[in-house]
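Some notes on the structure that comes next.
Just so you know, all these numbers are worked out from the coordinates, no wet-lab data involved. Quantities reported herein were computed from a predicted structural model and do not represent experimental measurements. So basically every Cβ, Gly included, is an ideal-geometry build from the backbone, and we count neighbours across all protein chains shown.
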Amino acid sequence: MHRVFAEEPECPLRRIEAFCKLLDDQSVYASQERRSADALRREVFSHAAGLHPLVERMDSLFENSAEEVRRQISQRLQWDWQDISDSLFADVIDFHRLESFPGYAGPRELLSRYNVAQIQAALFSAISITVRAGADFKRILRAGRLARLMHTITGPQSGCWQIELTGPASVLRETRRYGVNFARFLPALICCCDWTMEAMMESRGLRNLRLHLSSRDGLRSHLPPDDKFDSAVEAEFAAKWGEEDREGWSLRREAEILHAGQKTFIPDFVMEHVTGRRVLLEIVGFWTPEYLEQRVRTLQLFRGVPIVLAIQEANAARIAQAVAGADVIAFRKVLQVKSVLEVLRGLPGVSA
């Protein structure tokens with residue numbers, strides 16, 4: 001790569017190294033031989049040391065031929081010398097052997113990955129990031145949490161939520177280490193739609209540097225899109241319900257955001273009746289005890305909101321007791337549409 005771009009005036013060394021890093025990220029290197037390289041060196045050098053010095057041409061003073069010593073080592077190890085030579089420093093990064101190169105789909109994909117990587121590098125110096133999110137608020141918030149970013153939530157205003165992402169390093173001089181988390185957050189953000197971002201940065205003594213991005217800037221993420229559903233239970237229930245109304249009820253995925261202080265809760269589904277009545281549906285399936293405890297606290301916080309809880313039967317009684325007054329449906333493996341409709345029929349003010 002260095003040789004290819006060496007004569008290009010518009011391609012300085014730092015840009016060449018950035019492209020090399022992206023190509024290296026897509027490379028698959030042999031790993032098995034690295035673990036044995038150290039032992040192989042000791043074996044080869046120990047044998048050769050007793051015959052030092054080695055020469056290419058023997059004479060009256062130097063009678064140990066390098067070629068003969070290589071033959072002896074090869075015979076001793078029962079391995080072709082060329083293979084020994086290739087593996088001798090396999091644990092040194094410059095000598096890692098390339099096994100395959102999946103690469104990129106084409107030049108545009110490589111350039112797209114380069115552009116995103118450049119912004120990620122800039123975010124290493126970020127102190128805080130403010131994201132204004134619309135339709136994909138939940139996905140963006142989840143991405144921020146997975147990147148281990150501290151966040152403050154405000155909104156909604158004009159249909160947008162504001163997420164302020166900061167961290168412990170924002171109050172210190174050195175922010176680069178925490179900036180790695182900002183960089184990790186970016187590809188997940190780009191996967192989403194309907195957002196704008198403003199990053200505050202400090203670099204080389206310069207403060208109040210700002211970086212503006214939005215979902216309209218054309219950046220493309222290398223990450224696969226998130227699954228539409230969090231679990232197979234949700235996906236199967238939505239598929240069984242279908243696109244049509246059921247007894248006057250329509251079903252929409254994550255169409256409501258509940259907000260109290262810094263706590264947000266996005267139920268799995270919103271069911272809306274032709275009369276205008278809205279009921280939320282939250283499916284609590286097979287999760288860890290820690291998750292269930294956290295989910296109970298969230299449900300208790302929004303106790304006054306009309307919500308139907310569909311809970312895997314092993315946990316149904318305990319959660320129903322903790323969230324008294326909620327309509328609860330216990331299911332084994334699959335949530336049946338008829339079970340949900342039975343609860344909806346019993347709601348006051350709603351006729352089938």
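Sorted by packing (mean other beta-carbon atoms within 10 Å per residue), highest first, where do 275-284, 320-329 land?
On the way: 275-284: 17.3, 320-329: 14.9.
Result, highest mean first: 275-284, 320-329.
Say the dipole of the chain comes from +1 at the beta carbon of Lys and Arg and -1 at that of Asp and Glu; which of Ser85, Leu258, Gln336 then lies farthest toward its positive end?
Leu258
Could you give the radius of gyration (one decimal) and Dmax (whole number) of the Cα atoms in segment 55-116, in Å?
21.0, 64
What is the angle, in °, between the Cα long axis of helix 137-146 and the longest principal axis of the Cα atoms in the chain? Nearest 10 is fine, range 0 to 90.
With rounding to tens, the tilt is 40 degrees.
Tell me, what is the Rg over Rh of the chain, with Rh the Kirkwood radius over Cα pairs? Show your work: numbers first, answer last.
Working: Rg = 30.5 Å, Rh = 25.9 Å.
Dividing the radius of gyration by the Kirkwood radius yields 1.18.
Could you tell me which residue out of Gly248, Ala122, Gly106 lies farthest along the dipole of the chain toward its positive end? Charges go on the beta carbon: Lys and Arg +1, Asp and Glu -1, centred on the Cα centre.
Projecting each Cα onto the dipole axis, the largest value belongs to Gly248.
Assigning unit charges at the beta carbon (Lys, Arg +1; Asp, Glu -1) and nothing else, what dipole magnitude in debye, to the nearest 20, does the chain show about its Cα centre? Write down the numbers at each step before the final one.
Working: 46 positive and 47 negative charges, 286 e Å.
Rounded to the nearest 20 debye, it is 1380 debye.
Kirkwood Rh over alpha-carbon pairs of segment 16-66, then Stokes-Einstein at 10 °C and 1.306 mPa s: what D in µm² s⁻¹, rounded to an integer?
Values: Rh = 14.6 Å.
In µm²/s, the coefficient rounds to 109.
Compute the helix-to-body angle for 232-241: its Cα long axis versus the longest principal axis of the chain, expressed 0 to 90° and rounded to tens.
Roughly 40 degrees between the two axes.
Could you compute Rg(Cα) / (2.2 N^0.38 Å) for segment 107-214, with N its residue count?
Numbers: Rg = 13.5 Å, N = 108, 2.2 N^0.38 = 13.0 Å.
Dividing the Cα Rg of segment 107-214 by 2.2 N^0.38 Å gives 1.04.
What share of Cα pairs, in percent, lie more than 21 angstrom apart in segment 1-130?
Working: 5210 of 8385 pairs.
Result for the distance tail: 62 percent.
Arranged by the count of other C-beta atoms within 10 angstrom, fewest first, what order do Leu211, Leu189 take?
Ranking Leu211, Leu189 by Cβ neighbours within 10 Å, fewest first, gives Leu211, Leu189.
Among Leu88, Leu258, Leu186, which one shows the biggest mean-square fluctuation in a GNM of the chain, springs joining Cα atoms closer than 10 Å?
Leu88
Using the crude model of +1 on Lys and Arg Cβ and -1 on Asp and Glu Cβ, and no other charge, please compute the dipole size for segment 28-100 relative to its Cα centre, in debye to 20. Intermediate values should be presented prior to the final figure.
Values: 9 positive and 14 negative charges, 43 e Å.
Dipole size: approximately 200 debye.
Going by how many other beta carbons lie within 10 Å of each one, how would you line up Cys191, Cys11, fewest first?
Values: Cys191 19, Cys11 14.
Fewest-to-most Cβ neighbours within 10 Å comes out as Cys11, Cys191.
For segment 56-95, run through the trypsin sites (Lys or Arg not before Pro) and keep only the ones in DSSP coil with at most 15 other Cβ atoms within 10 Å of their Cβ.
Working: sites: Arg57, Arg70, Arg71, Arg76; in loops: Arg57.
Here the sparse-neighbourhood loop sites are Arg57.
Comparing Glu256, Glu63, Glu247, which has the greatest mean-square fluctuation in the GNM of the chain with Cα pairs linked when under 10 Å apart?
Maximum fluctuation in the GNM of the chain, among the listed residues, is at Glu63.
Return the single residue from Leu141, Leu292, Leu54 with maximal mean-square fluctuation; model: Gaussian network over the chain, springs between Cα atoms under 10 Å.
Leu54
Tell me the angle of helix 107-123 to the major Cα principal axis of the chain, expressed in degrees between 0 and 90 and rounded to the nearest ten.
80 degrees
If you find the alpha carbon centre of segment 238-278 and of segment 313-328, how far apart are they in angstrom?
Going from one Cα centre to the other spans 20 Å.
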